[in-house]
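Report on the following structure.
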């Protein structure tokens, strides 16, 4: 039995790299330091992986050799006029690099999951910029942390303990004692309330109160202290809200207004209304005082902002607020990236093509116009005529119209799991799981690159994504060269 | 292996004293040799053309997190400038921050064969090397940013030079770096809480150390480690009117640390940005005369221009506080990225306008410096790409260096106030091709300590640039446009003895190597690692093992072992 330490977890954007994995023979038997998601991935990866490549013949998926599957895929892509290559966020940078070269060779569009997630954040950055840092800066310096439209307790479980309020920093102490007590107190309160309800008659009033937003009348005094503080802003109470010093419940789709209101208040302007987004102006004024009064603040935001009404405008407003705050104090903003390597997908795509996602290579050079060149939109207009899906499941996540057009055309899937997309595939490559069975590089949500390790060997039929893509590329090149020669010879 | 004969060109090889002599060059197995034996050799006819060593760029931001953040920030810059895929080259985009493949191809087309990435945040070194791996055609190296690193500040504050040196030696190997880079020393740590330092004797908050102590400390560390290049310094107060005084103080503060063999101990980079006189933007003027006077009388300093070109570009430096000020001045979109324990970065798009008194004065300052500093071996041509201008404008700058008329023509089109204050009308000096070869290759290679670069003597790497301009027929002073055209697209670029560019087209894509330094410490110093490992978890949010860039991560690693005094 060997213990492999300093293992990077290939699940969420927190990209924790302190995991310890016990391996016996070629099996992972124990995982230490991981959160529930990480542990379940290491202990249960590729549980339904096909043991061989599969190719659809006469409507049925049948076993095929690697060579056959590669040839079929290369044919599909090389002969397509406008293929799309999508996914990428759950695999290594090296795989994406091969994918970009393939997309360039076949004149396709290469896009990653940013397009349905933090794409709006990227677009906002391109409009107004971004004031950010690596997570260690937050750990050492931040005395005010806001999670807005993001629920780290559930989605990035170790984020708070590794990077924000439960960490020990050079200039700040950990606040976990205080939070655990707060949490206990809150839970006790809830228990007591529930006990009361059970012994009382249930009135209609109870139903009414649920529409009233949960909000403090003024912000709690703990927000004005020097220690680490946490504020959670969301449309519903989440587990993260339970441990925050302050939870602000806001109306859905009103974040843009709230950010702009905060910016106005920061400039000492008077608001003509009593509340914005369900938050009273008094509370907003208090909030501005808290924001300005901290020594180092950071706003983490999630899909609550990127995919609600306003999308990139929400982020723009948030970034602008943070930028304005830097006139008074040090303030940072950071997106809570979901997939463990979506950041890597953006980073590699940007350095090789100049653009972070939705890159159209059909003209022979990179073109970028989200809305036109983004895969969801291309599919909804039915413009693509083939697709290669790597490390993602668009059939499960894309709008219906896009899915209809995706499955109507030849579809190649590279994935270690059977998923909704693979049900419709014409070629399936079961691949090695990056970070478990294949090594590579991934980038954390704050753009810090970390190595992915190979802990166990994959089955012989399962190559790494990178290797599969390289083979398809070689074959596609061969096909195109032959076609070119045939044309030249008349 | 391949043999190459470059026939009959006018060779400029200043490191070997060759000044436009018509001669043949021989290359075999990637190196310059004194004769060829084989019958099979490729022949390049360089008759009527200038032959120089391949270009060496000592300071150009081409790879890494802030360069990439710049690329991401500016899709509007990329749309204007695309590179389609060819059967030999990858596609890409350009202008002020080209994508990586395009960067390599464009440098090669200019006849450059070695480029230094001057600002590598150590934590993000892996990213820098991944981008360098994807930058073809040129040999590369990167300088780790060390002036605000806690592991440097702490021992220097206690005066423990050897401990600091042991750390720097470890960091150089762990990040596969080449030289010690300082940017606004002390200021970046202060920027961690939104502050800055005001001069070299200001105290860095929380660390009780001054920029002077950091600069002197790292200068002494550099000497103990015998690193091939001197410390490479972006001064405090960069871009601030009146900062020429800080620049002088910075150069003075290490005067006594210059060894008797008179190798320079400090390189002040993009000197133009640190040569501002005046109290504010109203009274702003050139401090080039004062700076040049100091550089002329003190041999321990080397410098590079940081020349402005009137164009739209993107500023990007590790100087977070300065970039914030630039944002406040220009109101352009602003990106900031502070890196834990180590450094920071800022990016702001910027347009230099002829009509702006300040920009036009900056343009004049760069040229004044290049022309007033007498020793071409200590003043190199750069634009701090892309800060003062993208590197594709090098041929334009060359034309200003070799031709007074070229300078005058542009001077007549700039802000009147700047024109009247400019020193350029009083300067007749015009660079010769020999001096140009020093300023764009020989001098840079010498300063960097790259023994096999920047010259064409036997044993040098066979990196050769051939430019189609005949020095016997063309008078660069009057025919500067011919010179500019010739240097814009090399007739031939030869890398390791292979023809890679012909008539400005990439004919053979090659990968370059990544150079890095491996300082050898005495056995007693190896104990730094356990202490470092312990502190790691307290400081960083990544594990010690994962921080180190494995050598195999570099596609073509070229380590240089160095014996140290530690």
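The values are calculated or read from the model by the stated rules, or taken from the named source; none is laboratory data. Worth saying up front: this structure is predicted, and the values here are computed from it rather than measured. Every residue, glycine as well, gets a Cβ built from its backbone with ideal geometry; the counts of neighbours run over all protein chains shown.
Which condition breaks for residue B:361 when tested against (1) over 20 Å from the mean Cα position of the chain (by Cα); (2) in contact (Cβ under 8 Å) with a residue 40 or more places away in the chain; (3) assigned to a helix (DSSP H, G or I); (4) surrounded by fewer than 24 Cβ atoms within 10 Å (Cβ to Cβ)? It fails just one condition, (4). Restricting attention to the range A:432-441, the residues being in a loop (DSSP other than H, G, I, E, B), within 16 Å of residue A:38 (Cα to Cα) and either within 9 Å of chain B (Cβ to nearest Cβ) or in contact with a strand residue (DSSP E or B) (Cβ under 9 Å, 6 or more places away or on another chain) (or both) number 3.
Pairs are defined by a Cβ separation below 6 Å, a sequence spacing of at least 6 or placement on different chains, a first member in the range B:544-555 that is facing chain A (nearest Cβ under 8 Å), and a second member that is assigned to a loop (DSSP other than H, G, I, E, B) and buried (at least 18 other Cβ atoms within 10 Å of the Cβ); the pairs so defined are B:546/A:17. The residue that is nearest to the other protein chains (Cβ to nearest Cβ), among those in the range B:84-109 that are surrounded by fewer than 22 Cβ atoms within 10 Å (Cβ to Cβ) and in contact with a helix residue (DSSP H, G or I) (Cβ under 7 Å, 6 or more places away or on another chain), is B:85. Looking at the range B:306-320, is at least one residue within 11 Å of another protein chain (Cβ to nearest Cβ) and touching a helix residue (DSSP H, G or I) at 6+ places or on another chain (Cβ under 8 Å)? Scanning the range B:306-320, I find at least one residue that is within 11 Å of another protein chain (Cβ to nearest Cβ) and touching a helix residue (DSSP H, G or I) at 6+ places or on another chain (Cβ under 8 Å), so the answer is yes.
Looking across the range B:205-233, the residues that are farther than 30 Å from residue B:443 by Cβ and either within 14 Å of chain A (Cβ to nearest Cβ) or surrounded by fewer than 18 Cβ atoms within 10 Å (Cβ to Cβ) (or both) come down to B:205, B:206, B:207, B:208. Restricting attention to the range B:222-234, the residues being touching a helix residue (DSSP H, G or I) at 6+ places or on another chain (Cβ under 6 Å), under 16 Å from residue B:145 (Cβ atoms) and not in a loop (DSSP other than H, G, I, E, B) number 1.
Comparison of B:530, B:476 shows that the only residue that is out of contact with any strand residue (DSSP E or B) (no Cβ under 6 Å at 6 or more places or on another chain), farther than 30 Å from residue B:459 by Cα and surrounded by fewer than 17 Cβ atoms within 10 Å (Cβ to Cβ) is B:530.
Looking across the range B:115-141, the residues that are within 9 Å of another protein chain (Cβ to nearest Cβ), farther than 13 Å from residue B:176 by Cβ and touching a strand residue (DSSP E or B) at 6+ places or on another chain (Cβ under 6 Å) come down to B:121, B:123.
Checked against the criterion of being outside any loop (DSSP other than H, G, I, E, B) and in contact (Cβ under 8 Å) with a residue 24 or more places away in the chain, the candidates B:327, B:294 yield just one match: B:294.
Quick one: would you say residue A:304 is more than 9 Å from chain B (Cβ to nearest Cβ), over 16 Å from residue A:125 (Cα atoms) and part of a helix (DSSP H, G or I)?
yes
Of the numbered criteria (1) over 17 Å from residue A:422 (Cα atoms); (2) surrounded by fewer than 18 Cβ atoms within 10 Å (Cβ to Cβ), the one residue A:108 fails is (2).
Residues of the range A:442-477 that are over 28 Å from residue A:337 (Cβ atoms) and within 14 Å of chain B (Cβ to nearest Cβ): A:476, A:477. When restricted to residues that are more than 14 Å from chain B (Cβ to nearest Cβ) and either assigned to a loop (DSSP other than H, G, I, E, B) or surrounded by fewer than 19 Cβ atoms within 10 Å (Cβ to Cβ) (or both), the range A:3-27 contains 7.
The C-beta contact set for the range A:190-202 (first residue farther than 20 Å from residue A:243 by Cβ, second residue in a helix (DSSP H, G or I) and at pLDDT below 90, distance under 8 angstrom, 6+ apart or interchain) comprises A:197/A:206.
Just to confirm my filter: which strands (runs of 3 or more DSSP E) fall fully inside the range A:68-155 and include at least 1 residues that are at the interface with another protein chain (Cβ under 10 Å from one of its Cβ atoms)?
A:129-133
Number of residues in the range A:355-367 that are over 14 Å from residue A:106 (Cβ atoms) and either more than 7 Å from chain B (Cβ to nearest Cβ) or within 21 Å of the chain's Cα centre (by Cα) (or both): the value is 5. For the condition at pLDDT below 95, surrounded by fewer than 23 Cβ atoms within 10 Å (Cβ to Cβ), farther than 20 Å from residue A:15 by Cα and away from every other protein chain (no Cβ under 13 Å), residue A:178 qualifies. Being more than 27 Å from residue B:72 (Cβ to Cβ), surrounded by 22 or more Cβ atoms within 10 Å (Cβ to Cβ) and either within 14 Å of chain B (Cβ to nearest Cβ) or out of contact with any strand residue (DSSP E or B) (no Cβ under 7 Å at 6 or more places or on another chain) (or both): is that true of residue A:325 here? In short, no.
In summary, helices (runs of 4 or more DSSP H) completely within the range B:149-221 and bearing 1 or more residues that are under 25 Å from the mean Cα position of the chain (by Cα) and over 29 Å from residue B:561 (Cα atoms) occur at B:187-191. Take the conditions (1) part of a helix (DSSP H, G or I); (2) more than 7 Å from chain B (Cβ to nearest Cβ); (3) more than 20 Å from the chain's Cα centre (by Cα); (4) crowded, with 24+ Cβ neighbours inside 10 Å; residue A:352 misses just one of them, which is (2). For the range A:36-55, the criterion of being more than 24 Å from residue A:466 (Cβ to Cβ), exposed (fewer than 13 other Cβ atoms within 10 Å of the Cβ) and in contact with a strand residue (DSSP E or B) (Cβ under 9 Å, 6 or more places away or on another chain) is met by none of the residues. Pairing residues of the range A:165-179 that are outside any loop (DSSP other than H, G, I, E, B) with residues that are at pLDDT 90 or above, at Cβ distances under 6 Å and at least 6 apart in sequence or on separate chains, gives A:176/A:166.
In summary, helices (runs of 4 or more DSSP H) completely within the range B:400-497 and bearing 1 or more residues that are without any contact (Cβ under 8 Å) to a residue 12 or more places away in the chain occur at B:404-411, B:416-421.
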